[in-house]
Amino acid sequence: MRIKYNQIRPQIDELLASYSGLKEEDTENNSSIILTERISINRSYNSFTMDNEYDVKILIPLNNDDLPDVWDIGDKIDKSYIHRYSDGKLCLETDAFMALCFYNGYSLLQWMKNKVEPYYYSYEYYTRFGEFPFGDRGHNLDGVIETYQQIFNEDNVAKTYELLRAISQRKYKGHLPCPCGSAIITRKCHGKSIFPFINDDYLFSIANRDYLRICEAIREYDKQSGD
């Protein structure tokens, strides 16, 4: 994100005004802002209403490209839950999807309303009904690939891989055939969805890292298959 304090201050104030139970901690460094204590969530979907409070720690990084993180410090989320890390940090989304949201103008309040609150609602819904109300991403590389399929609006995994390869090579020629192999020029095919990852250094670093992870998984699979 690479946010400066004077740029994020209005968003922090907006967040504190919307969640009166949150408090800003005093910190001795300028590397992050920490909000703790309680958030209240009241949401309804499919005839199920959740009205609950959760004790959280929110870390908002400053002057670097890290994404905001949330910890469930009140232990409301079961430790065995698949979208909770062992230290209590919440697995809200893949880095690529979340970074793209902020790239497209997400505020911290939008992040809370559209990612953090739905996380808790999905958990409560899942514990009662055994299914996720808004769908569920796969885990590890499955979730990464699904993320880019959503971003690229592309069902085909092989085409998604080729689009990631083009990003990793930082190849964008709008008048040339799209890397997906459609024979349609890029700007009329997947150009709009891949351009941010080619143009922005931070988004590129995430997509390139994910592409290399996928390549390594393919090599490992081929190696095991060859044995």
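The values are calculated or read from the model by the stated rules, or taken from the named source; none is laboratory data. Since the model is a prediction, treat every value here as computed from it, not as a measurement. Every residue, glycine as well, gets a Cβ built from its backbone with ideal geometry; the counts of neighbours run over all protein chains shown. In case anyone asks, the SASA skips ligands and DNA or RNA and just uses the protein heavy atoms, side chains included. Shrake-Rupley method; radii C 1.70, N 1.55, O 1.52, S 1.80 Å.
I'd like the full set of residues that are open to solvent by less than 60 Å² (accessible area, probe 1.4 Å), closer than 14 Å to ASP142 by Cα and touching a helix residue (DSSP H, G or I) at 6+ places or on another chain (Cβ under 8 Å), limited to the stretch 205-227. Walk me through how you get there before you give the answer.
Residues of the stretch 205-227 open to solvent by less than 60 Å² (accessible area, probe 1.4 Å): 205-208, 210-211, 214-215, 217.
Now drop any that are not closer than 14 Å to ASP142 by Cα, which leaves 210-211, 214-215, 217.
Result: ASP210, TYR211, ILE214, ALA217.
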Exercise. Six or more apart or on different chains, Cβ under 6 Å: which pairs go from a residue in the stretch 124-143 that's without any contact (Cβ under 8 Å) to a residue 40 or more places away in the chain to one that's not in a loop (DSSP other than H, G, I, E, B)? Could you list them?
Key: PHE132/SER122; PHE132/TYR126; GLY138/GLU146
Quiz item: Any idea which of GLU53, GLU24, GLU14 is among the acidic types (Asp, Glu) and in contact (Cβ under 8 Å) with a residue 60 or more places away in the chain?
Solution: GLU14
Practice problem: Check off (1) touching a strand residue (DSSP E or B) at 6+ places or on another chain (Cβ under 6 Å); (2) under 30 Å from SER47 (Cα atoms) for HIS175 and give me the number that stays unchecked. | Solution: (2)
Quiz item: Which of the residues that make up the stretch 18-33 are modelled with pLDDT under 95 and aliphatic (A, V, I, L, M)?
Solution: ILE33
Exercise. Mind telling me which of the residues TYR119, TYR148, TYR161, TYR172 ends up being within 20 Å of ASP201 (Cα to Cα) and under 17 Å from the mean Cα position of the chain (by Cα)?
Key: TYR148
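Here's the yes/no breakdown for (1) buried (at least 18 other Cβ atoms within 10 Å of the Cβ); (2) in a loop (DSSP other than H, G, I, E, B); (3) among the small types (Gly, Ala, Ser):
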site	(1), (2), (3)
TYR81	no, yes, no
SER86	no, yes, yes
GLU93	yes, yes, no
LEU100	yes, no, no
MET112	yes, no, no
TYR119	yes, no, no
TYR123	yes, no, no
ARG128	no, no, no
